[in-house]
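Working notes for the structure below.
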Amino acid sequence: MILWLNELSLWLTFLDGNRKLVKYPGETELRIFKLLSKYIKDPLQARKFIDNLLPFLGKKAQNSDACVEALQVIRDIIPVSGSETSPKILNAVSPLLISAGLDMRLAICDLLGVLAETDPLVLSVAKLISELNATSVMEMGGLDYDTIVHAYEKMSMEFFYTIPENQALVILSHCVYDMSSNELILRHSAYRLLVSFVEFSIQILRLEVKSDHEMPEAMVTSIADGCWTEACIQRMINKFLLKHMADAMGKETSVQKEWIDLLREMVLKLPEVPNLHSFKILCSDDPEVDFFNNIIHLQKHRRSRALSRFRNAINAEGLPEVITNKVFVPLS
């Protein structure tokens, strides 16, 4: 105890005299945390230590350098803290995966790898996230597209039966990131997995009409364990998918198209979600009539026709304001 207090005192003296060298907000605090982490041996203290570090990953404090440093300190203390910290850590890193750059993503991969050693239940997701962020050995800073696409191909609707909500959010957050990629193959891969999640959501929302012997064994187990409920799915649809869909409407047309295609799938397949059901009137088997197929079409007259159909739908049916204002108004 005396040893690390003396070392801390020396560090504080040094840092106090070098405040002008601080590169980012929170750097001094993180240096202290990093120093102290070497002396934490008690699991309870380690968990409290991690609780104090997680705010550095929060949205209001999202400086890239600070986040990477915090991720590394958390990674190093995980073996002491035990598996009890897994849910908090997963909840903290998921939002980062939506927009983080490569350095931070690789730091997250390292952290999840260590977390999986402590908590084997995280192993499959940790491996997948590592593969989804695989880098090329031939090109510095480049991605290994073969490994990434192969990782996407490992996941289907059935995959979501095997993981709880907080692990699913880690994977889906990465999908949101790839939906904005400049690479078509990554956008399509992410889109297909999001559609798989929509199909999984259908199964959960329609459980009340099925008996146990009609459901796949994995689904029965997932429901029995309380991993997935109707409330979970409604929250994921409204607070996650629709939120990030709205955010994407300010991006380039290629990104908008992937999200609009996903919204059409959701409208057709998830009538149980109140915010979506009303928009079914905009769908059509005729691609030249279907609103979703034409609202961001290259041809101006197709876009105009889609907007006309949209106005008629509003006048005739009235459509939920949340999706209308956040998703469709930016497209008009």
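So the values come out like this:
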quantity: Enumeration of residues in region 132-146 that are under 16 Å from R105 (Cβ atoms), surrounded by fewer than 17 Cβ atoms within 10 Å (Cβ to Cβ) and out of contact with any strand residue (DSSP E or B) (no Cβ under 9 Å at 6 or more places or on another chain); calculated: M140, Y145
quantity: Neighbours by Cβ (under 7 Å, 6+ apart or cross-chain): first from region 90-102, without any contact (Cβ under 8 Å) to a residue 24 or more places away in the chain and of a type outside the set (D, E, K, R); second surrounded by 22 or more Cβ atoms within 10 Å (Cβ to Cβ) and not in a helix (DSSP H, G or I); calculated: none
quantity: Any chance P55 is within 21 Å of the chain's Cα centre (by Cα), free of Cβ contacts under 8 Å to residues at least 12 places away in the same chain and closer than 20 Å to V170 by Cα; calculated: yes
quantity: Matching entry among A306, A313 (being over 28 Å from the mean Cα position of the chain (by Cα), buried (at least 17 other Cβ atoms within 10 Å of the Cβ), modelled with pLDDT of 85 or more and not in a loop (DSSP other than H, G, I, E, B)); calculated: A306
quantity: Residue among E288, E272 that is touching a residue at least 60 places away in the same chain (Cβ under 8 Å) and not in a helix (DSSP H, G or I); calculated: E272
quantity: Residue under evaluation I204, criteria (1) surrounded by 19 or more Cβ atoms within 10 Å (Cβ to Cβ); (2) at pLDDT below 95; (3) part of a loop (DSSP other than H, G, I, E, B), criterion not met; calculated: (3)
quantity: Residue list for region 161-195, filter: farther than 27 Å from L207 by Cβ, in contact with a Phe, Trp or Tyr (Cβ under 9 Å, 6 or more places away or on another chain) and part of a loop (DSSP other than H, G, I, E, B); calculated: M179, E183
quantity: Number of the condition not met by T28 [criteria: (1) part of a loop (DSSP other than H, G, I, E, B); (2) over 20 Å from E117 (Cβ atoms)]; calculated: (1)
quantity: Selected residue (criterion: surrounded by the most Cβ atoms within 10 Å (Cβ to Cβ)) from residues of region 279-303 that are among the basic types (K, R) and within 24 Å of K243 (Cα to Cα); calculated: R303
quantity: Index of the failed condition, V114 passing every other in (1) at pLDDT 95 or above; (2) closer than 17 Å to I163 by Cβ; calculated: (2)
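The values are calculated or read from the model by the stated rules, or taken from the named source; none is laboratory data. Being a predicted model, the structure only gives us computed values, none of them experimental. Note that we place each Cβ from the backbone using ideal geometry, even for glycine, and neighbour counts take in every protein chain shown.
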